[in-house]
Amino acid sequence: MDSDNEPKKSKSKTPKTPKESVLKQKSPAEFFAENKNIAGFDNPGKSLYTTVRELVENSLDSAESISELPVVEITIEEIGKNKFNSMIGLVDRERVDEALYDDFETAKAREKRLAKEARAQEQQAKNASLGKKVKEPAAPKGMKGRGDASFYRVTCKDNGRGMPHDDIPNMFGRVLSGTKYGLKQTRGKFGLGAKMALIWSKMSTGLPIEISSSMRGQNFISFCRLDINIHKNIPHVHLHEKRDNKDRWHGAEIHLVIEGNWTTYRSKILHYMRQMAVITPYAQFLFRFISDVSDKNVTIRFSRRTDVMPPVPVETQHHPSSVDLLLIKRLITETSKQNLLQFLQHEFVNIGKSLAERLIGKKLQSILNVKSNGEMGPEFTPKMAVKSLTSQQIVRIHQLFRQAKFDDPSGDCLSPAGEYNLRLGIIKELHPDMVATYSGRLCLDSVGVLSYNNKYSAQVFEGHPFIVEAGVSMGGKDVKQGLNIFRFANRIPLLFEQGGDVVTRTAMKRISWNNYKINQTQDKIGVFASIVSTKIPFKGTGKEYIGDDISEIATAVKYAIQQCCIQLKSKIMRKIQAREQQERKRNLSRYIPDAANAIYDVLKEVSQFHASKKRRFEEEDANVLQKVHSRMITKDTLRDMLTQYVEKVDYEMAMEYATQSGVNEAPKEAIYIQTLEAEYNFIDFHSSNFVFRLIQ
């Protein structure tokens with residue numbers, strides 16, 4: 001055989017020894033930097049929106065924590081490429097090799113583009129010669145390379161609490177450190193706040209952020225310029241100093257430069273600000289977008305409508321049915337209580353002394369040291385050291401918490417927007433023709449009478465209390481036909497992933513709108529639902545919607561919307577009746593001239609019989625006929641009398657309608673309540689339509 005056909009022997013290679021795996025760990029900042037989509041920083045446009053949202057919500061929390069009516073100013077300034085390069089000290093250089101760039105156009109692509117433009121021009125000329133309507137050629141889209149990013153300076157200023165001077169670096173430069181990690185209602189979703197905006201600024205521009213802050217009564221302003229060491233999760237402070245506070249200002253002002261996309265997320269940001277004005281009508285917002293192109297500038301002021309603020313949310317203890325093994329172990333580690341009885345009483349809600357003794361067992365006679373066994377078992381005693389519990393004993397406690405029946409937690413720790421504020425916000429921003437709200441404050445008392453309860457009646461899921469407030473409006477400014485759904489969770493708007501949300505699914509599929517005289521497709525319907533809780537059951541990584549799989553929340557949302565629809569139905573029915581009444585009035589008025597002429601002709605003919613004494617009439621009828629014969633009653637007289645009668649009947653029906661409805665359908669004048677000075681003492685009595693303020 002020919003040697004060329006013999007297969008070549010491959011040289012044996014010694015397999016490479018795999019490198020030993022080295023155990024590595026990531027800091028929290030590094031994790032969120034690599035998974036920024038979890039916190040809402042999916043792309044430059046979404047990152048700009050999320051930055052604005054985080055800063056605004058932090059400002060509201062800060063002002064509300066000191067019971068200060070919030071004043072928030074948010075500014076987005078567009079920064080051109082040249083200006084950004086000068087900010088970072090980069091000199092613009094001309095391109096040397098155009099083919100290296102993403103926006104490079106080859107000769108073939110250019111020839112193809114020019115040929116397409118020539119054909120379009122030829123078609124335009126042909127249409128013009130035939131007299132056809134000629135469309136203006138679209139402007140050629142400029143090719144934008146991936147390196148041509150857009151940068152924005154975002155500034156947020158508020159009149160809130162401010163921050164302690166020494167805490168500022170850690171509050172911004174250390175991820176997963178903050179003041180919102182207790183069990184209470186909070187606006188935040190992850191506890192990151194502005195820290196994620198700082199990480200995005202570091203990743204997209206490399207520029208530090210600047211913070212100015214002053215607390216109430218301080219004579220200095222803390223100024224700090226810093227960025228974050230992502231790998232170590234520690235702040236990198238460039239400058240931290242105290243400056244003179246001549247104006248006695250208190251609050252915080254934050255400046256940061258980030259990559260973003262205003263064009264694609266403009267509507268989302270403005271929509272967010274509008275919805276935030278709906279749910280917080282006691283706040284004043286000033287939003288500005290500044291660009292080198294004056295036509296792109298935007299300035300919107302959302303004025304304050306009321307000075308009635310919701311109470312500050314209160315931190316509470318965990319409900320026994322809501323804890324897991326890890327949480328029980330953490331509570332045992334952190335508790336200051338010595339024995340098991342005190343631990344159960346003080347670390348959990350709705351476990352009093354008597355219930356704790358039933359769970360653990362208690363001594364029957366202290367002299368004999370005899371103990372009754374509780375549900376936990378004989379190895380548990382009320383005085384046993386809580387920190388000496390074994391893993392098996394902790395598992396037993398957890399099992400008992402899941403199996404035993406405990407009273408539901410109350411909603412006293414929650415802070416909903418309030419029916420009054422929700423109604424004001426809807427009226428202020430949408431200007432609807434009709435609006436109805438529901439907050440769950442109506443309840444049956446001990447004798448079965450429907451009464452107004454000044455406290456919210458919370459419902460419970462998985463041991464966490466929650467309150468649903470709802471509003472439904474008809475008509476309004478900038479409201480599209482059909483269902484317009486506005487969702488809020490812990491008083492923040494939810495704008496994304498609407499399709500899977502419990503409010504959307506309930507409004508679209510579980511409400512029979514026709515039963516309430518509402519046309520789901522033709523009418524302009526606004527559906528508002530606000531859910532507050534110590535734990536919002538968000539779905540998805542972005543936490544942008546509440547799932548439809550929790551029956552307690554779905555039932556509560558449906559009931560709240562239905563209560564609003566019932567209120568609207570009565571108003572719509574009265575409006576229909578009033579419209580029918582007006583229609584009857586118009587119809588009667590239309591026939592008044594013909595009716596007056598016909599009646600007059602009959603009376604005139606009868607009066608002639610009466611005058612000739614061919615027929616006798618009663619005295620009252622005879623008087624009328626005599627007036628007709630003497631022309632004291634004419635056609636005009638009858639026409640005026642019929643018109644007055646129609647007006648009288650219409651007025652009586654209108655008065656009856658107004659009495660039954662209890663509302664005035666006349667145009668309403670906006671009333672703005674001025675802020676009272678601090679030295680006044682007053683008590684507010686809340687209703688769904690008004691707040692009565694008693695000044696002491």
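Okay, here's what the table says:
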read-out	value
Residue 548 at pLDDT 90 or above, open to solvent by 20 Å² or more (accessible area, probe 1.4 Å), in the same structural domain as residue 575 (by the TED database) and among the acidic types (Asp, Glu)	no
Residue 50 under 46 Å from the mean Cα position of the chain (by Cα) and hydroxyl-bearing (Ser, Thr, Tyr)	yes
Residues located in segment 225-258, provided they are among the acidic types (Asp, Glu) and over 21 Å from residue 58 (Cβ atoms)	241, 244, 247
Test: residue in segment 64-81 that is at pLDDT 80 or above, more than 30 Å from residue 309 (Cα to Cα) and open to solvent by 60 Å² or more (accessible area, probe 1.4 Å)	yes
Some residue of segment 267-275 being over 18 Å from the mean Cα position of the chain (by Cα) and without any contact (Cβ under 8 Å) to a residue 60 or more places away in the chain	no
Cβ-Cβ under 9 Å pairs, at least 6 apart or on other chains, segment 78-94 side assigned by the TED database to the domain that holds residue 206, far side of a type in the set (Lys, Arg) and open to solvent by 70 Å² or more (accessible area, probe 1.4 Å)	78/296
Pair list, Cβ under 7 Å, 6 or more apart: segment 564-586 residue over 15 Å from residue 513 (Cβ atoms), other residue part of a helix (DSSP H, G or I)	574/657; 574/661; 577/657; 578/657; 581/650; 581/653; 585/646; 585/650
Candidates 557, 527 - the one that is out of contact with any Leu (no Cβ under 7 Å at 6 or more places or on another chain), surrounded by 15 or more Cβ atoms within 10 Å (Cβ to Cβ), modelled with pLDDT of 90 or more and in the same structural domain as residue 468 (by the TED database)	557
Residue within segment 239-251 that is hydrophobic (A, V, I, L, M, F, W, C) and open to solvent by less than 20 Å² (accessible area, probe 1.4 Å) present	no
Output for segment 531-546, where each listed residue is out of contact with any Ser or Thr (no Cβ under 9 Å at 6 or more places or on another chain) and under 21 Å from residue 559 (Cβ atoms)	531, 533, 536, 537, 546
Flag if residue 267 is at pLDDT 90 or above, open to solvent by 10 Å² or more (accessible area, probe 1.4 Å), in contact with a Phe, Trp or Tyr (Cβ under 9 Å, 6 or more places away or on another chain) and of a type in the set (Ser, Thr, Tyr)	no
Among residues of segment 221-233, those that are open to solvent by 40 Å² or more (accessible area, probe 1.4 Å) and either in contact with a His (Cβ under 9 Å, 6 or more places away or on another chain) or part of a strand (DSSP E or B) (or both), counted	2
Qualifying position, being closer than 25 Å to residue 536 by Cβ and either at pLDDT 90 or above or assigned to a loop (DSSP other than H, G, I, E, B) (or both), among 188, 147, 162	188
Residue that is within 30 Å of residue 186 (Cβ to Cβ), polar (S, T, N, Q) and assigned to a helix (DSSP H, G or I), where the choices are 127, 82, 58	58
Matching residues in segment 440-497 - criterion: being in contact with an Asp or Glu (Cβ under 9 Å, 6 or more places away or on another chain), in a strand (DSSP E or B) and at pLDDT below 70	451
Residue that is part of a loop (DSSP other than H, G, I, E, B) and surrounded by 22 or more Cβ atoms within 10 Å (Cβ to Cβ), where the choices are 409, 432, 378	409
Pairs where the first residue, in segment 495-523, is in the same structural domain as residue 278 (by the TED database) and farther than 21 Å from residue 540 by Cα and the second is open to solvent by 30 Å² or more (accessible area, probe 1.4 Å) and among the small types (Gly, Ala, Ser), C-beta under 7 Å, 6+ apart	none
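The values are calculated or read from the model by the stated rules, or taken from the named source; none is laboratory data. Values in this document were obtained by computation on a predicted structure and should not be read as measured data. FYI the Cβ positions are ideal-geometry reconstructions off the backbone, even for glycines, and counts take in every protein chain you see. Surface accessibility is based on the protein's heavy atoms, side chains included, excluding ligands, DNA and RNA. Shrake-Rupley method; radii C 1.70, N 1.55, O 1.52, S 1.80 Å.
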